[in-house]
1. If you add up the charges near A:Y190, with Lys and Arg at +1 and Asp and Glu at -1, over every other residue whose beta carbon is less than 14 angstrom from its beta carbon, what do you get?
2. Quick one: pull the percent of accessible area on region A:142-201 belonging to carbon and sulfur, 1.4 Å probe, ligands and nucleic acids left out.
3. List, in order, the whole-Hz ³J(HN,Hα) value for each residue of region B:15-27 obtained from phi through the Karplus relation with A = 6.51, B = -1.76, C = 1.60 and θ = phi - 60°; use x for Gly and Pro.
4. Any idea of the accessible area per residue across chain A, 1.4 Å probe, to the nearest Å²?
5. Only helical DSSP H runs with n ≥ 4 go in: add -39500 (n - 2.57) per run for chain A, normalise by residue count and round the 222 nm mean residue ellipticity to 500 deg cm²/dmol.
6. For region A:135-145, take each phi angle, set θ = phi - 60°, evaluate the Karplus expression 6.51 cos²θ - 1.76 cosθ + 1.60, and give the result in whole Hz per residue in order, putting x for glycine and proline.
7. Hand me the chymotrypsin sites (Phe, Trp or Tyr not before Pro) from region B:329-361 located in a DSSP loop with no more than 12 other Cβ atoms within 10 Å, in residue order please.
8. Amide H of B:M447 versus every other amide H placed in the peptide plane: which residues, excluding those fewer than 5 positions away on the same chain, fall under 5 Å?
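The values are calculated or read from the model by the stated rules, or taken from the named source; none is laboratory data. Here the structure is a predicted model, which means the values were calculated and not measured. Note that we place each Cβ from the backbone using ideal geometry, even for glycine, and neighbour counts take in every protein chain shown. For the accessible areas, the whole protein counts, side chains as well, though only heavy atoms, and no ligand, DNA or RNA atoms are used. Shrake-Rupley method; radii C 1.70, N 1.55, O 1.52, S 1.80 Å.
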Amino acid sequence: MQGSTADQNQADITYAATIETSEHHSEHPDLRLFGFIVFLVSESMLFLGLFVAYFAFRVVTPDWPPEGTDELELLLPGINTIILISSSFVIHRADTAIKKSGDVKAARLWFVITIAMGATFLAGQLYEYNHLGFGLTTNLFASTFYLLTGFHGLHVFVGLLLMSAVLWRSRVPGHYSETNHFGIEATEVYWHFVDVIWIILFLILYIL
Amino acid sequence: MTEAQAHHLDEVEVTPWREYFSFSTDHKVIGIQYLVTSFVFYLIGGLLAELVRTELATPASDFVSRETYNELFTMHATIMIFLWIIPTLTGGFGNFLVPLMIGARDMAFPKLNAIAFWIIPPTSILLLLSFFVGPASAGWTSYPPLSLMTNKAGEAIWILGVILLGTSSIMAGLNFLVTILKMRIPSMTLNDMPLFCWAMLATSALQLIATPVLSGAMVLLGFDLLVGTNFFNPAGGGDPIVYQHMFWFYSHPAVYIMILPAFGLISEILPVHARKPIFGYQAIAYSSIAISFLGLIVWAHHMFTSGTPDWLRMFFMIATMVIAVPTGIKVFSWVATVWGGKLHLCSAMLFGMAFVSMFVVGGLSGVMVASVPFDIHVHDTYFVVAHLHYVLFGGSVFGIYAGLYQWFPKMTGRMLNEFWGKVHFAMTFVGFNICFLPMHVLGLQGMNRRIAEYDPKFAALNVVCTIGSYLLAVSTVPFMVNAVWSWIAGPKANSNPWKGLTLEWTVPSPPPVENFEEDPVLVIGPYDYGTPKALDVVAATLAPPPPALVGEGSE
């Protein structure tokens, strides 16, 4: 009956709640996905604040990037962007698989592929960090670059953890089914969110 | 009291005290956990305020050093805002009242609710421990570059504390928003909700939208402090004004996070004790939403002297003054509610009416400082200190006291002593005005805030302020003694001591676990006082078991 209860108890709880309903209570509704989306709205304000700060810093700095700091290369981040955007379509296959036919095996496969793509993205980012000619504290341009991409990278990493958690839980047969798949759905929504943030980041850091 | 009624009261299960120290997911337990915890911090923040006032009793800095003075007022504001008013009004009253008022058995996410509360005790202890390393001393606004130059360890703890408390606040806001939108009983539309729920809806939207931006600012400030980046340090090409914008994008809405729930409490209390329907239900409800929206676009009025360009100052001046419209709508509605009513001047009502009158003073000085030329004159003076205390003490804290007197019987199942309640009210009201009213004059005469020393010509009024602050400190004693004594041995409260019509009064005091035996069905609006039906409904809440509210009749 508790909306935030972890997935593994879901089966028992629905049962208990049904018993109670038959007596006199209405069931505690499952509001987890709605709540999660509200959370992401809040989370997007964090990024919005940082984006606006980025533009403010950019406006007050005469040369952006300052003299002596190289322009950012486009090739590696471009490939990375393609990988991350594609991964959104891959994870959506997992969602479709579980919703249409309750096919946990297929969902697991698509999740593994998404994890691999996300990990590749992070590896690419680390490679880029190692080959840039500036560090975190070199100048304001460098600091904003590392902070924004690092913050996003942290979100990608959390996404990988979420997907791993779903994989771990899905080892129990029947844990996820056609009707009960909050973990898979929420992870997918989160991953799309991280993806959209990256598209905005890519545009304002590399293109504009 | 009839025998049946007495029997009914004995049946009420009182929550064992150990429950309040546990990771309970019951919204009523969490609400009381919030209330008691934050009241402790009210006392600690109050102690710091008394130290500040004692220092200011004389023009020289002879009681504490200048550095200590900076630490005292910084921690005073931090504790009062983040550990007293916000957690009490949203976490405390919101948790206890919202599910009861909308007929729900708990919040939408009970575990998240408990986590949001349990972030607070360790974080607050951490903040207090910073006194051992020298706490933050750059004011609660923590403007760089000042905040990057003093008490580095204390500042780092402060940043971490604000991020954690912000996270707790976001969790609570999320929970309230989802609960109010999705957990109401089917017979209650948004426009049947008690006005406190409307106020919490508006508040939670602000918590969700504004708080993350503060977290972002804190992360940037933390990097500047600990890693050596230069986001806000002009020496390294950074821009401290960006911090001010991010900070006030949260901290102005935070003012509404601190006052909107109090507006809601007052909208509940006034009609009950005036025995009249609320005047302008929809006007009060929608003006909360309007304030919530407008509150997000006025932040730069805190920055009129920060080199903000003229066109921007013009926009923020007008937007700020526009907020007076929805706020005025509320004040007029409250006055019209009380007007011609059959007033019951109990402690809750006294604090409620004091709230309205004191808040009007704070609101009017707010319109004054919204105007750019006037603000340039009084910026960083005691006029601003007077203004903000009329809003946050005369407003929020009076609202909290009103709410405590109103719902103490529901929370504990015991009645507070009315006589000592009135003594408490008189001392608080008089002490508050002696303490803060002279500050308007001091500010207009040019006394600067946040400085331990001042021109001896301000000495006389400062002594008055300090005496008022001591009276305020003493005024908490009758309240605390009354509350503790009544909680243990006060007369038992029936389910509806004030003869209210909202749903929390239909359940026993204190309400049982999961609140409602059956999903309640609305039979009357929240404020339909003075109708024959209201008499029946109130009678039903007092008779055990309440026949008019039970789905299937026994006949």
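1. Summing Lys/Arg as +1 and Asp/Glu as -1 gives -4.
2. It is 74 percent, rounded to a whole number.
3. Couplings: 4, x, 4, 4, 4, 6, 9, 10, 7, 7, 9, 6, 4 Hz.
4. 49
5. Result for chain A: -25500 deg cm²/dmol, rounded to the nearest 500.
6. Values per residue, Gly and Pro as x: x, 4, 9, 4, 7, 4, 4, 5, 4, 5, 4 Hz.
7. B:W339
8. B:Y382
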